[in-house]
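Chemist: Structure in structure tokens, see below.
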Amino acid sequence: MIDDETRCPCGSGETYGACCGRLHRGEASASTAEQLMRSRFSAFAAGETDYLLRTWHPRTRPATLELDPGLRWTRLDVLSASGGLFDSAGEVEFRAHYRQDGRPGSMHERSTFTRVDGQWVYVSAVE
């Protein structure tokens, strides 16, 4: 769990409570595909599996989700993004940095997003 006064893991520069914490608690919804991507990264960092499942497209959502307790997400770099306020689909390319068993690592992905009932959801990684 991340304290509301801690800097948000998504890299926005805001506190977790003023940024992704609001989305995780259901007090706000992502307005763009990039905002959803950032909030999902923060959810991985904070262990918010319910939020991750809730913001996953029903067609591609796993039945359960277990996070690796030895993996700590440390930084997100958004490289490109589409899917704004008035769009119905978007794509976000990013590099997510982590530490696993004390060693640094990163993963690079392009993810697709769409709206379901007006809400942004994660669909899948682009192959």
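The values are calculated or read from the model by the stated rules, or taken from the named source; none is laboratory data. It should be emphasised that the depicted structure is a prediction, and the values quoted were computed from it without experimental measurement. All Cβ positions, glycine included, derive from the backbone under ideal geometry; neighbour counts span all protein chains shown. Ligands, DNA and RNA are stripped out before the accessible areas are found, and what is left, the full protein with its side chains, is counted by its heavy atoms. Shrake-Rupley method; radii C 1.70, N 1.55, O 1.52, S 1.80 Å.
Chemist: Please find, in a Gaussian network model of the chain (springs between Cα atoms separated by less than 10 Å), the residue of 21, 70, 11 whose mean-square fluctuation is greatest.
Modeler: Largest GNM mean-square fluctuation: 70.
Chemist: Taking amide H positions as placed 1.01 Å from N in the peptide plane, with prolines and chain starts having none, which residues 5 or more places from residue 6, or on another chain, fall under 5 Å of its amide H?
Modeler: 16, 17
Chemist: Still on this model: Report ³J(HN,Hα) in whole Hz for each residue of segment 46-55, in order, from the Karplus equation J = 6.51 cos²θ - 1.76 cosθ + 1.60 where θ = phi - 60°; Gly and Pro get x.
Modeler: Rounded to whole hertz, the list is 8, x, 8, 5, 4, 5, 4, 5, 5, 9.
Chemist: Separate question: Give me the dipole magnitude in Debye, nearest 20, for the chain about the Cα centre, with unit charges on the beta carbon: positive for Lys and Arg, negative for Asp and Glu. Intermediate results must be reported in sequence, preceding the final value.
Modeler: On the way: 15 positive and 18 negative charges, 25 e Å.
Rounded to the nearest 20 debye, it is 120 debye.
Chemist: From the backbone phi of segment 22-27, what are the Karplus-calculated ³J(HN,Hα) couplings (6.51 cos²θ - 1.76 cosθ + 1.60, θ = phi - 60°) in whole Hz, Gly and Pro given as x?
Modeler: 4, 5, 4, 7, x, 7
Chemist: Also, quick follow-up: Of the accessible area of the chain, with the probe set at 1.4 angstrom, what percent is carbon plus sulfur? Mind dumping the intermediate values first?
Modeler: Details: 3310 of 7140 Å².
Of the solvent-accessible surface of the chain, carbon and sulfur hold 46 percent.
Chemist: Moving on. What nm value, rounded to one decimal, do you get for the distance between residue 65 and residue 28 when each label is placed 7 Å out toward the C-beta?
Modeler: Computed distance between label sites residue 65 and residue 28 equals 2.0 nm.
Chemist: How high is the relative contact order of segment 1-56, in percent, counting Cα pairs under 8 Å that sit 6 or more residues apart?
Modeler: On the way: 61 pairs, mean separation 16.6, N = 56.
Relative contact order comes out at 30 percent.
Chemist: In square angstrom, what is the accessible area per residue of the chain with a 1.4 angstrom probe? Let's see the in-between values first.
Modeler: Numbers: 7140 Å² over 127 residues.
Computed with neighbouring chains in place, this is 56 Å² per residue.
Chemist: Quick one: pull the percentage of alpha-carbon pairs in the chain with a separation above 25 Å.
Modeler: On the way: 1370 of 8001 pairs.
Across the chain, Cα pairs with separations above 25 Å total 17 percent.
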